[in-house]
Protein chains: 2
Amino acid sequence: MTTETHFQKELEELKDNLLKMAALVEEAIRDSIQSLVGRDSDLAQKTFEFEDRINKMENAIDDMCLKLLALRQPMAIDLRFITSAMKIITDLERMGDQAVNIAERAISLNQEPQLKPYIDIPRMAEITESMVRDVLDAFVHRDSKLARSVCERDDLVDGLNDQVVRELLTYMMSDPKTISRSVHLMIVCRCLERIADHATNIAEDVIFMVDALVIKHHADVKD
Amino acid sequence: MTTETHFQKELEELKDNLLKMAALVEEAIRDSIQSLVGRDSDLAQKTFEFEDRINKMENAIDDMCLKLLALRQPMAIDLRFITSAMKIITDLERMGDQAVNIAERAISLNQEPQLKPYIDIPRMAEITESMVRDVLDAFVHRDSKLARSVCERDDLVDGLNDQVVRELLTYMMSDPKTISRSVHLMIVCRCLERIADHATNIAEDVIFMVDALVIKHHADVKD
């Protein structure tokens with residue numbers, strides 16, 4: 001095989017690993033929310049195991065990228081692809097940490113009577129998971145249109161979050177006994193919102209990489 | 001000048017820019033907290049201006065790193081230094097976003113009577129600022145001992161955060177009229193805690209880079 005073909009094969013392998021890491025993160029988010037909605041603290045415990053697997057994948061992909069940079073000395077779009085991959089895995093790893101935070105709150109919440117039916121939170125989680133999945137697809141297929149649709153979904157998540165926070169404030173004000181549970185639920189929402197922000201950060205990188213256009217700091221996105 | 005001397009000069013310039021970006025972030029945090037403690041909403045407005053400057057520095061340093069990778073094809077420690085710099089500026093930029101979040105909460109809080117004397121929050125901010133300053137020093141001087149001291153300070157920040165959250169919960173439970181202000185203050189604390197987490201993430205990268213040792217995923221650090 002020529003050096004060029006080798007390099008292309010290595011890039012394909014890198015893409016596969018990124019998609020695998022994203023799938024793992026998506027699963028961690030889904031399980032953490034399921035542990036809350038299904039009041040299943042055993043499932044919450046299992047979510048903690050994802051953390052280690054996600055961290056190991058981050059380290060392995062990081063090493064892979066460093067080796068590609070050192071040995072293949074890529075240029076232009078390939079160079080940008082690899083440095084973006086190194087930033088993306090940091091975002092993915094932190095999304096995994098947020099899933100762990102959600103599972104921790106689920107365990108606390110499951111010990112008390114359920115405060116309210118969970119409707120908006122699973123909806124937020126669903127959108128957030130789709131953002132994680134699609135943004136990695138957008139990255140490996142260099143699809144800036146798909147990346148833009150991920151940025152748009154961030155507004156939906158922020159809107160749902162505002163709605164839940166308003167509702168929880170009403171609960172807290174009318175009955176102080178609900179305060180501790182409301183705060184836990186607010187933090188769950190904030191974790192989902194932060195996962196969506198990470199996905200949006202990646203989406204901005206994808207758009208930058210593909211269109212070589214810094215839209216990043218024109219959008220009003222907070223971390 | 002030889003290519004080697006040129007490269008060394010470029011690396012020095014990169015280090016200078018990283019320190020300048022960190023100083024800007026530190027200033028943004030200080031001003032955002034001062035706008036809360038001094039009930040100075042004009043100062044809070046000024047904090048928003050940092051965001052643009054920080055974002056521009058992020059883009060400029062990112063470009064610089066890409067050029068160094070493409071033109072100088074660095075190896076080993078220099079390669080790791082440059083890829084770490086690219087991750088660090090992402091963390092710095094997000095710290096800047098957190099300072100903006102704090103300033104936004106300060107503006108809301110300054111419109112109502114002050115809930116309580118601010119003692120722990122300025123203390124948290126002071127430790128957090130020192131973490132930002134020291135972790136960048138540790139990075140450019142490859143000082144893993146200083147980086148470790150940054151990781152240790154993260155526990156102090158977490159401890160203070162827990163203390164403030166407990167206190168605010170007491171306020172909320174005894175008087176529902178304090179709930180909205182308490183939630184704002186909880187979010188300010190969470191922003192500071194997240195800045196400290198970003199600094200800790202960088203500190204772990206420094207230790208990794210210097211000691212080529214993955215302590216990252218043995219420490220119990222959440223994003």
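Taking the listed residues B:Arg94, B:Arg53, B:Arg30, B:Arg39, the one that is farther than 20 Å from B:Arg142 by Cα and outside any helix (DSSP H, G or I) is B:Arg39, with no other qualifying. When restricted to residues that are buried (at least 20 other Cβ atoms within 10 Å of the Cβ), farther than 13 Å from A:Arg80 by Cα and at the interface with another protein chain (Cβ under 8 Å from one of its Cβ atoms), region B:59-70 contains 0.
Only one of the listed residues (A:Arg142, A:Arg133) is surrounded by 16 or more Cβ atoms within 10 Å (Cβ to Cβ) and of a type in the set (Lys, Arg). That residue is A:Arg133. All but one of (1) more than 28 Å from B:Glu93 (Cα to Cα); (2) crowded, with 21+ Cβ neighbours inside 10 Å; (3) among the acidic types (Asp, Glu) hold for A:Asp154, so report the exception by its number. The failed condition is (1). The lone criterion from (1) over 15 Å from the mean Cα position of the chain (by Cα); (2) away from every other protein chain (no Cβ under 14 Å); (3) farther than 16 Å from B:Leu14 by Cβ left unmet by B:His141 is number (3). Residues considered: A:Leu66, A:Leu71, A:Leu43, A:Leu79. Of these, the only one that is under 18 Å from A:Met209 (Cα atoms) and more than 18 Å from the chain's Cα centre (by Cα) is A:Leu79. Taking the criterion of being more than 16 Å from A:Leu18 (Cα to Cα) and more than 8 Å from chain B (Cβ to nearest Cβ), the residues of region A:71-84 that qualify are A:Leu71, A:Arg72, A:Pro74, A:Ile77.
Taking the conditions exactly as written (of a type outside the set (A, V, I, L, M, F, W, C), modelled with pLDDT under 95, in a helix (DSSP H, G or I) and closer than 20 Å to B:Asp91 by Cβ), does B:Arg194 satisfy them or not?
Working: of a type outside the set (A, V, I, L, M, F, W, C): yes; modelled with pLDDT under 95: yes; in a helix (DSSP H, G or I): yes; closer than 20 Å to B:Asp91 by Cβ: yes.
So B:Arg194 fits the description; yes.
Selection of region A:193-208 for residues being free of Cβ contacts under 8 Å to residues at least 60 places away in the same chain and small (Gly, Ala, Ser) yields an empty set.
A residue that is surrounded by 20 or more Cβ atoms within 10 Å (Cβ to Cβ) and either under 22 Å from B:Ala203 (Cβ atoms) or at pLDDT below 95 (or both) can be found somewhere in region B:35-47. Test A:Ala23 against the stated conditions and say whether it is modelled with pLDDT of 90 or more, touching an Asp or Glu at 6+ places or on another chain (Cβ under 9 Å), in a helix (DSSP H, G or I) and more than 10 Å from chain B (Cβ to nearest Cβ). Criteria not met by A:Ala23.
A quick yes/no check of all residues on (1) touching a residue at least 60 places away in the same chain (Cβ under 8 Å); (2) β-branched (Val, Ile, Thr):
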{"position": "B:Ser41", "(1), (2)": "yes, no"}
{"position": "B:Thr47", "(1), (2)": "no, yes"}
{"position": "B:Arg53", "(1), (2)": "no, no"}
{"position": "B:Met86", "(1), (2)": "no, no"}
{"position": "B:Ala106", "(1), (2)": "yes, no"}
{"position": "B:Ile127", "(1), (2)": "yes, yes"}
{"position": "B:Val140", "(1), (2)": "yes, yes"}
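Scanning region A:85-99 for residues that are under 17 Å from A:Ala196 (Cβ atoms), β-branched (Val, Ile, Thr) and more than 7 Å from chain B (Cβ to nearest Cβ) yields a single hit, A:Ile88. If you go through region A:11-23 and pick out every residue that is surrounded by 15 or more Cβ atoms within 10 Å (Cβ to Cβ) and over 14 Å from A:Ala138 (Cα atoms), you end up with 4.
Could you tell me whether region A:164-171 includes any residue that is without any contact (Cβ under 8 Å) to a residue 12 or more places away in the chain and assigned to a helix (DSSP H, G or I)? So that I can check it myself, show each step before the final result.
From region A:164-171, those without any contact (Cβ under 8 Å) to a residue 12 or more places away in the chain are A:166, A:170; that's our starting set.
Then drop every residue that is not assigned to a helix (DSSP H, G or I), which leaves A:166, A:170.
Yes, because at least one residue in region A:164-171 is without any contact (Cβ under 8 Å) to a residue 12 or more places away in the chain and assigned to a helix (DSSP H, G or I).
Each row is one residue, and each column tells you yes or no for (1) under 27 Å from A:Leu156 (Cα atoms); (2) at pLDDT 95 or above.
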{"site": "A:Arg72", "(1), (2)": "no, no"}
{"site": "A:Met75", "(1), (2)": "no, no"}
{"site": "A:Arg94", "(1), (2)": "yes, no"}
{"site": "A:Ala103", "(1), (2)": "yes, yes"}
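Is it the case that region B:39-47 has a residue that's more than 10 Å from chain A (Cβ to nearest Cβ) and farther than 30 Å from B:Arg181 by Cβ? Looking through region B:39-47, none of the residues is more than 10 Å from chain A (Cβ to nearest Cβ) and farther than 30 Å from B:Arg181 by Cβ.
Going through region A:197-223 one residue at a time, which ones are of a type in the set (Asp, Glu) and at pLDDT below 90?
If we filter region A:197-223 for residues that are of a type in the set (Asp, Glu), which is where we start, we get A:197, A:204-205, A:211, A:220, A:223.
Those that are of a type in the set (Asp, Glu) and at pLDDT below 90: A:Glu204, A:Asp205, A:Asp211, A:Asp220, A:Asp223.
Residues in region B:168-209 that are of a type outside the set (Val, Ile, Thr) and away from chain A (no Cβ under 13 Å): B:Leu192, B:Ala196, B:Ala199, B:Ala203.
The values are calculated or read from the model by the stated rules, or taken from the named source; none is laboratory data. Note that the structure is a prediction, hence the values are computed from the model and not measured. Cβ: placed from backbone, ideal geometry, glycine included. Neighbour counts: every protein chain shown.
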